[in-house]
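Contents: one structure, followed by commentary.
The values are calculated or read from the model by the stated rules, or taken from the named source; none is laboratory data. Note that this is a predicted model, so its numbers are computed, not measured. Ideal geometry is used to build each Cβ from the backbone, glycine not excepted, and the neighbour counts take in all protein chains shown. Only protein heavy atoms, including side chains, enter the accessible area calculation; ligands, DNA and RNA are left aside. Shrake-Rupley method; radii C 1.70, N 1.55, O 1.52, S 1.80 Å.
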Amino acid sequence: MRIYSLSFLSLVLILLISCRKDFDFTPHEGKLAFSKDTIYLDTVFTNIGSSTYTLKVYNRSNNNIKIPTIKLSQGENSQYRLLVDGQSGKVFQNVELLAKDSLYIFIETTIDYSKYKNESTTYLYTDQIEFGAGISTQKVALVTLVQDAHFLYPQRNAAGVAETLPFDGEEIYGFYLSERDHNQQNTLHWKNDKPYVIYGYAAVPTNKTLQIDEGAQIYFHDNSGLLVSNKAQVNALGSLEKPIVIQGDRLEPDFSNIPGQWGAIWFTVGSTGSLKNTIIKNPTVGLLINKNTETVQLHNVQIYHASQYGILGRAAKIYGTNVVVGNAGIASLACSFGGEYEFLHATFANYWNKPNHTAVLIDDYDGTPEFQIKKAVFENCILYSNAAESLVLKTNSTAENFPVLFKNTLIKYFQFGSGSEYRFPYDFKNPNRYSEIYLSTAVDLFRPYFSNIDKNHLMITDKSVDLLGKGNLETAQKVPLDLNGKSRISNPDLGAYQNITSPKD
């Protein structure tokens, strides 16, 4: 027993000595390494918290070290917040870091623009994280651009109950726009002086018009959007030089192409409007147009990264020129439940990364008169996707009651083995329905070499040799300038753009 006891005591003694050596800390000598020397926190709106950013601190020496202080240079007055070793704060003492180990520091900020108000609507706020003291001090810079904004959101009554909107037999989180709201603003006129950030659904009341100026920047929060009531309208009139941009309110670059960040611009029954030089990004549905009595006019409109539909018309009336709709989870354009549609020089290009999507979908529901397609005309257009069928037609009616016309239009349709392209509604050889079309039935046949799909540059390039100048000249005269303002009155191309030089690889 004594032998075992002595052995046990010896082992404990060795372990204690070993542990004491392992956790013997030396002072920090300014030899830390960092994952970044400057942390750029992406633009934030005033009084809205940022995302969380990460700095990794490395001890690459063979010694355990103790950092006497980690702090923000402005101390407790700093607008930044830190999380170090699970502790939140702005100043930290005696932070230990083992040899060959690393430490995560998490950084956030919330900044009140009014404290730094200037002639601009932005302010560049900076600070530093300091490691150590004296001559051994090391610093990492922090930089954030804070953006002033108009914030529109449902108000709460004295009992704390939030404002709601009656919609389709339910109450939804939202509010009505008016000539004079609680801040004495005219919220029916969105200007370009500073961005608008919308929480909940903003509704245009009956018999009212929402005017959106050129250059306006609109940001919708999650589960937010715009409702246009019966007999109301929206006039979003951007310009080539100053387009209107409508998108989600997550400003980080990682969210620039994330679909479904907000709801929809919803033209309800009996509404109307006009959108010109307008860019819509990252919605669930870009434009939901439902049984409008007057035609919604779209000119130079771009819609990208919709989680469901870029444009969803339901028994709608839509006239579009120079329209570009990119990736969408179901269809770039859906003309559903009948309606009247006409698109000249439009590009519907859907490269969604999951199956069961298409570029254009047209249906008449059950084929009854109420849901008949009265007109569906596509001239000088492009319908293309990475799905086999870029045009999906669903009808319960006869050819006479399903009046679709594709004229001088590129259509990708790979389901040709069974001869289905010769049968209604895919009777592609019927000139009364498909006139001078360019039917892409193979990868290299009538392939539109778009400039850069990932960047939403959906201009065909000079590599598209079998498509150049194939637009109908008479149609081109109705839309003489492409989406970039380039003339197409001679040698018009298909789609919303005239061709450009192919970028170098």
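Restricting Q211, Q261 to those that are over 20 Å from the mean Cα position of the chain (by Cα), polar (S, T, N, Q) and modelled with pLDDT of 95 or more reduces the list to Q211.
Residues are listed down the side, and each one gets a yes or a no for (1) outside any loop (DSSP other than H, G, I, E, B); (2) over 21 Å from G310 (Cα atoms); (3) of a type in the set (S, T, Y):
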site	(1), (2), (3)
G215	no, yes, no
D222	no, no, no
N230	no, yes, no
V234	yes, no, no
K242	no, yes, no
N257	no, no, no
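How many residues are touching a residue at least 60 places away in the same chain (Cβ under 8 Å), closer than 20 Å to G248 by Cβ and either in contact with a Lys or Arg (Cβ under 8 Å, 6 or more places away or on another chain) or part of a loop (DSSP other than H, G, I, E, B) (or both) if we restrict to the stretch 29-56? The qualifying residues number 6. Quick check on my filter: what residues within the stretch 310-348 are in contact with a Ser or Thr (Cβ under 7 Å, 6 or more places away or on another chain), open to solvent by 10 Å² or more (accessible area, probe 1.4 Å) and more than 25 Å from G260 (Cβ to Cβ)? If the condition is that a residue be in contact with a Ser or Thr (Cβ under 7 Å, 6 or more places away or on another chain), open to solvent by 10 Å² or more (accessible area, probe 1.4 Å) and more than 25 Å from G260 (Cβ to Cβ), then K317, Y319 are the ones that fit.
May I ask you to say which residue of S256, S239, S271, S307 is of a type in the set (S, T, Y) and crowded, with 20+ Cβ neighbours inside 10 Å? Please lay out each step first, then the result.
Numbers: S256 fails: crowded, with 20+ Cβ neighbours inside 10 Å; S239 fails: crowded, with 20+ Cβ neighbours inside 10 Å; S307 fails: crowded, with 20+ Cβ neighbours inside 10 Å.
Going through S256, S239, S271, S307 in turn, the sole match is S271.
For R447, are the conditions met, namely being open to solvent by 60 Å² or more (accessible area, probe 1.4 Å) and closer than 16 Å to L383 by Cβ? In short, yes.
As a summary of the residue check, Q477 satisfies the conditions (1) among the polar types (S, T, N, Q); (2) outside any helix (DSSP H, G or I); (3) open to solvent by 30 Å² or more (accessible area, probe 1.4 Å) except for the one numbered (2). Here V301 passes the criteria (1) crowded, with 19+ Cβ neighbours inside 10 Å; (2) assigned to a loop (DSSP other than H, G, I, E, B) except the one numbered (2). Residue-level analysis places T26 among those that are surrounded by fewer than 12 Cβ atoms within 10 Å (Cβ to Cβ), closer than 23 Å to G134 by Cα, touching a residue at least 12 places away in the same chain (Cβ under 8 Å) and over 33 Å from the mean Cα position of the chain (by Cα). Being surrounded by fewer than 20 Cβ atoms within 10 Å (Cβ to Cβ) and in contact with a strand residue (DSSP E or B) (Cβ under 6 Å, 6 or more places away or on another chain) is a property that does not hold for V197. Of all residues assigned to the stretch 38-48, at least one qualifies as being aromatic (F, W, Y), modelled with pLDDT under 95 and either farther than 25 Å from I111 by Cα or open to solvent by 60 Å² or more (accessible area, probe 1.4 Å) (or both). Could you grab me the full set of residues in the stretch 57-72 that are open to solvent by 50 Å² or more (accessible area, probe 1.4 Å) and within 37 Å of the chain's Cα centre (by Cα)? Y58, K71 - these are the residues of the stretch 57-72 that are open to solvent by 50 Å² or more (accessible area, probe 1.4 Å) and within 37 Å of the chain's Cα centre (by Cα).
Would you please name the residue that is surrounded by the fewest Cβ atoms within 10 Å (Cβ to Cβ), looking only at residues in the stretch 483-505 that are among the aliphatic types (A, V, I, L, M) and under 22 Å from K407 (Cα atoms)?
Within the stretch 483-505, the first condition is being among the aliphatic types (A, V, I, L, M), and the residues that meet it are 483, 489, 494, 496, 500.
The next check asks that each one be under 22 Å from K407 (Cα atoms); those that pass are 483, 489, 494, 496.
Working: L483: 25, I489: 11, L494: 30, A496: 31.
That would be I489.
Within the bounds of the stretch 332-342, is there any residue that is in a strand (DSSP E or B), in contact with a helix residue (DSSP H, G or I) (Cβ under 6 Å, 6 or more places away or on another chain) and of a type outside the set (A, V, I, L, M)? Yes, the stretch 332-342 contains a residue that is in a strand (DSSP E or B), in contact with a helix residue (DSSP H, G or I) (Cβ under 6 Å, 6 or more places away or on another chain) and of a type outside the set (A, V, I, L, M).
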